[in-house]
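Here's the structure, in structure tokens; my notes come after.
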Amino acid sequence: MATSPGRLLLPSLVISNFAISTLGIVTALFLLDMSQTFGVSRGVMGQTNTVSSIVSMVFSLAMGILSIRFKHRFLILAGMIFYSLSAIGCYFAWDISSMLLFYSLNGLALAIVIPMTNTLIGDHMRLEKRSSAVGWTVAAGSLAYFIGAPLMGVLSGFGGWRFVLLSFITPLSILGVLMIGVSVPSAKQSSTAVAADETYVKSFRNIISNRSAVGCLVGTVFRYAVFAALLFYGTAFTIERFDLSIDFASIVILLAALFYTLGSLACGPFVRKLGRKSSTVMAVLLAGFFTISYAYASSIWLSVALMSIAGWFDGLAASASTSLILEQMPELRGTMMSLSYAFVGMGSTIGAAIGGFMLIFYDYEELGIVLGSMGIIAAIIFQFLTVDQEETQKRLQQH
């Protein structure tokens, strides 16, 4: 049963999730500048993200063990400390090897903080408030792009990409550490206590033997593959199809990020009205439909409108599906959320790979059809393989 959290618990989780999204923006915005700093090609510099992603995916599986063995407060605090060390280390990096080493700590931090954020929401917040809380933490990541990217552009004018790390990301990450340390209850979580005597193998076996839990994880792969069409290929599409400048295309992406944020924040009202499962099914289905449609728009304005709507449903799908997963196996919540994050990485990788393959042999229309259709597959999986525990309990009480 959830305990009563302090008033700063949710703000600390929101700030922490905002903070851990900013380092990835630096490598995206200043890729060329960083490659010149270290004297390497763009392709080599881009491997920082590859290394970080691999570390993140591998360690998210290890988190299934750690979430059983250690208190969730300790883990999320450790994650934020790793992130702070990553930001500081990247600032002092002297060559590409040291940059790869320090940036890999970013992947480690992501694999800890994101699953533990959702786990702590489940551990310490009342059931009726969890969906809104998840919406805020998911929105924090997209707000980092909407707010952080323009701010980083301004700050870089004073001292390049290193000054961005020193003046913005490092202080923000340290603030996250302090707020987590102060606001997250130190009492041992009930889910940890229940699972303390279980081995990870047994915990994993319990999860894969639960059809609804497996359905949520598999559905997450297809759900995130849909988002990959917008996340990885949206900017290139607007530049190529409508001959936009990079500056104007960046505004389009900021607009999509804003709508993603708004969709995430809409999770609470939708879940209260439709339930977690129905909200997830509707959101992933419509996200897929609008992902297909924006590539066929005849004008830039219609295409941007459709991309924004797709972003809105992507945000709602992210928050609603996370809320659904959060309630699947409360006694193994930490392990479940860690696995969920690993499957998000899997979906991202699959979506990026398939999208690239479609552009090699076809065009954006075909890319939209293939990745958008994964929203239909995700909707089918969530509809027929998953169970909303709260809705089930309500039906049982009515009978």
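Size of segment 255-326: Rg and Dmax of its alpha carbons, in Å, are 12.3, 41.
Each Lys and Arg Cβ is given +1 and each Asp and Glu Cβ -1; about its Cα centre, segment 272-399 then shows a dipole of about 460 debye.
Taking a ≥ b ≥ c as the square roots of the Cα gyration tensor eigenvalues, with a/c under 1.5 meaning rounded and otherwise prolate when a/b beats b/c, else oblate, which class fits segment 139-181?
Details: a/c = 3.93, a/b = 1.34, b/c = 2.92.
Oblate, because a/c is 1.5 or more while a/b does not exceed b/c.
For the chain, the residue among 154, 98, 115 whose Cα projects farthest onto the positive side of the dipole built from Cβ charges is 115. Have a look at 282, 44, 338 and report the one farthest towards the positive end of the charge dipole of the chain, computed about the Cα centre with Cβ charges (Lys/Arg +1, Asp/Glu -1). Projecting each Cα onto the dipole axis, the largest value belongs to 338.
Report, to two decimal places, the Cα Rg of segment 5-86 normalised by 2.2 N^0.38 Å (N = number of residues).
Values: Rg = 15.9 Å, N = 82, 2.2 N^0.38 = 11.7 Å.
Rg over 2.2 N^0.38 Å, computed on Cα atoms: 1.36.
Peptides 56-64, 75-83 ranked from most to least packed give 75-83, 56-64, packing being the mean of other C-beta atoms within 10 angstrom over each peptide's residues.
Working from the Cα coordinates of segment 63-169, the gyration tensor eigenvalues give, after taking √(5λ), semi-axes of 29, 20, 9 Å in decreasing order.
Working note: Debye formula, equal point scatterers on the alpha-carbon atoms of segment 266-374, no solvent; log10 I(q)/I(0) at q = 0.15, 0.17, 0.22 Å⁻¹ is -0.73, -0.88, -1.18. The charge dipole of the chain, taken about its Cα centre with unit charges on the Cβ of Lys, Arg, Asp and Glu (plus for the first two, minus for the last two), comes to roughly 1220 debye.
Residues 136, 94, sorted by accessible area with the largest first, give 94, 136 [1.4 Å probe; ligands and nucleic acids excluded].
Dividing the Cα radius of gyration of the chain by 2.2 N^0.38 Å, with N the residue count, gives 0.95. Please compute one quarter of the surface area of the Cα convex hull for segment 212-339 and express it in square nanometres. Averaging across all directions leaves 7.8 nm² for the Cα convex hull.
The values are calculated or read from the model by the stated rules, or taken from the named source; none is laboratory data. Nothing here was measured: the structure is a model prediction, and the numbers come from that model. Cβ coordinates were reconstructed from backbone atoms using ideal geometry, including for glycine residues, and neighbour counts include every protein chain displayed. Accessible surface areas use protein heavy atoms only, side chains included; no ligands, DNA or RNA. Shrake-Rupley method; radii C 1.70, N 1.55, O 1.52, S 1.80 Å.
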